[in-house]
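What follows is one structure encoded as structure tokens, with my remarks underneath.
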Amino acid sequence: MGFTKDQIFSLMARTGLVPVFYNPDPETSKAVLKACFDGGVRLFEFADRGPCAKEVFKSLAEFVPENLPDLILGAGTVMDRGAAEFFLDNGAQFIVSPIFNPEVAALCNAKGVPYMPGCGTVTEVWNAQQAGCEICKIFPGDVLGPAFVKGLLAPMPWSKVMVTGGVKPEKENLQAWFKAGAMCVGMGGNLFPKDAMASKDWARITALCRESIDIIAEIKL
């Protein structure tokens, strides 16, 4: 099922959470995807961060429509146009990057697909916006901090940002980001504890997703 930009942005704003995950094993990745879905996640970023990433993504893109039809699957750590073309051709419905690449922005704009580039300065956010990026990824979040988000929004209050890096499934951490003005957060390793992954405790990952989404909903009230 295809989703429009507006549907994707609406879900990002509503749930406030985008898991960021990579694993070289397709079956493990499917199990994690299902665990997140069961926890209320509706957008999932699979990162191009290691061996077999592209092959695993293809298997996930085939898995989602029949098994998790309400889930929106995107690709992350997309650095260049070639990688973006691969993921878009193989089912990615949004593209995320730790950097801003104008060529990727142009490609995604032409295809009507959201592109969320990584930005670490106010100027980078502005340049990304001028290239048609409606949501910018503030990265690395743990380095920049909530004060950066608040400072950015003071002169540019129309900006919509997703913070990634250092985000934790804890009320104090999440509250700091959303009170500063984040639209949503991307959460990686803290959502997938090593011991839970090693023991295949998918229920724990489901619980962490549910708790995070519930905390975010409470903060947004």
Quiz item: Based on DSSP H assignment, which helices of the chain show an axial Cα extent of at least 20 Å together with a mean Kyte-Doolittle hydropathy greater than or equal to -1.0?
Solution: 53-67, 202-220
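For the cross-link pairs Lys137/Lys200; Lys34/Lys179; Lys30/Lys111; Lys137/Lys171; Lys54/Lys137; Lys111/Lys160, which exceed 24 Å when the distance is taken from alpha carbon to alpha carbon?
On the way: Lys137/Lys200 30 Å; Lys34/Lys179 30 Å; Lys30/Lys111 27 Å; Lys137/Lys171 21 Å; Lys54/Lys137 22 Å; Lys111/Lys160 21 Å.
In this structure, Lys137/Lys200; Lys34/Lys179; Lys30/Lys111 lie more than 24 Å apart at Cα.
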Quiz prompt | Karplus-derived 3J(HN,Hα), 6.51/-1.76/1.60, for each residue of the stretch 114-119, Hz, glycine and proline x | solution = x, 10, 10, x, x, 9
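When the dipole is taken about the Cα centre of the chain, and only Lys, Arg (+1) and Asp, Glu (-1) are charged at their Cβ, what size is it in debye, to the nearest 20? Could you put the intermediate results ahead of the total?
Values: 21 positive and 24 negative charges, 84 e Å.
Here the chain has a charge dipole of around 400 debye.
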Quiz item: Using the Cα gyration tensor of the stretch 133-221, with a ≥ b ≥ c the square roots of its eigenvalues, what is the shape: rounded (a/c below 1.5), prolate (a/b larger than b/c) or oblate (neither)?
Solution: prolate
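Do any chymotrypsin sites (Phe, Trp or Tyr not before Pro) in the stretch 146-213 lie in a DSSP loop with no more than 13 other beta carbon atoms within 10 Å, and if so, which?
Working: sites: Phe148, Trp158, Trp177, Phe178, Trp202; in loops: Trp158.
Passing sites in the stretch 146-213 are Trp158.
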Quiz item: Tell me, in nm to one decimal, what length is gained between Glu62 and Lys111 on full extension, where the rule is 0.36 nm per residue of separation less the Cα-Cα distance?
Solution: 15.6 nm
Quiz item: Which one of Val163, Ile95, Phe46 is farthest out on the positive end of the charge dipole of the chain, using unit charges on Cβ (Lys, Arg +1; Asp, Glu -1) and the Cα centre as origin?
Solution: Val163
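What does the charge dipole of the stretch 52-151 about its Cα centre add up to, to the nearest 20 debye, if the Cβ of each Lys and Arg holds +1 and the Cβ of each Asp and Glu holds -1? Please report the intermediate quantities before stating the final value.
Working: 6 positive and 11 negative charges, 50 e Å.
Its charge dipole is roughly 240 debye.
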Quiz item: Based on DSSP H runs of at least 4 residues, each adding -39500 (n - 2.57), what is the mean residue ellipticity at 222 nm of the chain after dividing by all its residues, to the nearest 500 deg cm²/dmol?
Solution: -15000 deg cm²/dmol
Quiz item: Hey, got the dipole for the stretch 102-221? About the Cα centre, +1 on K and R Cβ, -1 on D and E Cβ, debye to the nearest 20?
Solution: 100 debye
Exercise. Find how much the distance from Asp201 to Glu170 grows on full extension, using 0.36 nm per residue of separation minus their present alpha carbon separation; answer in nm with one decimal.
Key: 9.2 nm
Quiz item: Once fully extended, how much extra length lies between Ala147 and Gln7, figured as 0.36 nm per residue of separation less the alpha-carbon to alpha-carbon distance?
Solution: 47.5 nm
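Just so you know, all these numbers are worked out from the coordinates, no wet-lab data involved. What you see is a predicted model, and the numbers here were worked out from it, not measured in a lab. Glycine also receives a Cβ, built like all others from the backbone with ideal geometry; neighbour counts cover every protein chain displayed.
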